[in-house]
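This report refers to the structure that appears directly beneath it.
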Amino acid sequence: MYKRQGIYNVTLRVLDANNCTREVILPVLVRANPVARFTGGAVCLGTPKVFTHTSTAGMGATIVRYEWNSDEGETSTEQSPTFTFDFPGSYNVTLRVTDNFGCSNITNRTVIARPLPSVNFNNSAACVGGSITFSDNSTSSGSFINRWQWDFGNGSRSTNRVANTVFTKDSTYRVFVSVTDTFGCVATGFRDIR
C-alpha cells in the first residue's frame, strides 16, 4: 500500500517452465484519497441545520459524490445538506466523499440535538388603562434563558425578562414571548389576556 500520491515503478517478473525470466517495469500513478471534512456541531430540535462540507480532493482530482447519513435516518447526496433532528440526544453524522478517479474517504462527527426551552410566563391582573406586568419563568435544559422578545398584541414590545404594558381597550390581547437560551435555541409561547 502506498502512503503518498506519486508515480511508482511496478516490476512484474514472469518465470516460465524453462526457467526463463521476463521482466516488465511499468510506471503506475497512485492518487491520493480525498479528505472528507464538514462543519457541524450542536443543533436545536426541529431547527434545520446546514452541514457544510469542507472536503478536499487530491492533486488533479475533483470530488464528484457526497454521501451523508445520520443516526436519525437522514440521508443526502447534496454537497452541503440540511438535516432536522426531532428528538434530543447525540447523533452520528457521516460523510463519504468520492472523487472522479473513484478514490474515497469517510469521516463522522457527533452532533448534539438540544431540547428547546420550555416557555412559561405569568402576569399581574389586567385592568383597562392600568399597567400590567409580565414575568418570564421559562427554563432550558443544561442552559439558561438570555434573550426575550415580547409582543403584547397592542403594538407594544419589549426585550426584558420582566416587562410592562398598558391595555387601553376592553378586549382580548394575544401576548407572545419568544425566549432564546445560551445555546441559541428559540421557543415561543402565547396567552390570551382579557
Options A163, A187: the member that is more than 30 Å from A36 (Cβ to Cβ) and touching a Leu at 6+ places or on another chain (Cβ under 7 Å): A187
Exclusive hit being at pLDDT 95 or above, open to solvent by 30 Å² or more (accessible area, probe 1.4 Å) and touching an Asp or Glu at 6+ places or on another chain (Cβ under 8 Å), set N146, N164, N105: N146
Odd one out for T84 among (1) among the hydroxyl-bearing types (S, T, Y); (2) farther than 30 Å from I63 by Cβ; (3) surrounded by 13 or more Cβ atoms within 10 Å (Cβ to Cβ): (2)
Long-range neighbours under 8 Å by Cβ, at least six apart or interchain, first residue touching a residue at least 12 places away in the same chain (Cβ under 8 Å) and basic (K, R) within the stretch 157-174, second surrounded by 14 or more Cβ atoms within 10 Å (Cβ to Cβ) and not in a strand (DSSP E or B): R174/G153
Boolean, T133 is out of contact with any Pro (no Cβ under 9 Å at 6 or more places or on another chain), over 30 Å from G58 (Cβ atoms), modelled with pLDDT of 95 or more and β-branched (V, I, T): yes
Residue check for Y8: open to solvent by 60 Å² or more (accessible area, probe 1.4 Å) and without any contact (Cβ under 8 Å) to a residue 60 or more places away in the chain: yes
N100 being more than 30 Å from F190 (Cα to Cα), open to solvent by 70 Å² or more (accessible area, probe 1.4 Å), modelled with pLDDT of 95 or more and polar (S, T, N, Q): yes
Unmet criterion (only one of (1) more than 30 Å from D181 (Cβ to Cβ); (2) touching an Asp or Glu at 6+ places or on another chain (Cβ under 8 Å); (3) modelled with pLDDT of 90 or more) for L12: (3)
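The values are calculated or read from the model by the stated rules, or taken from the named source; none is laboratory data. Predicted model only: the values in this text are computed from it and were never measured. No Cβ is skipped: glycine too gets one built from the backbone with ideal geometry, and neighbour counts run over all protein chains shown. With ligands, DNA and RNA removed, areas are computed over all heavy atoms of the protein, side chains included. Shrake-Rupley method; radii C 1.70, N 1.55, O 1.52, S 1.80 Å.
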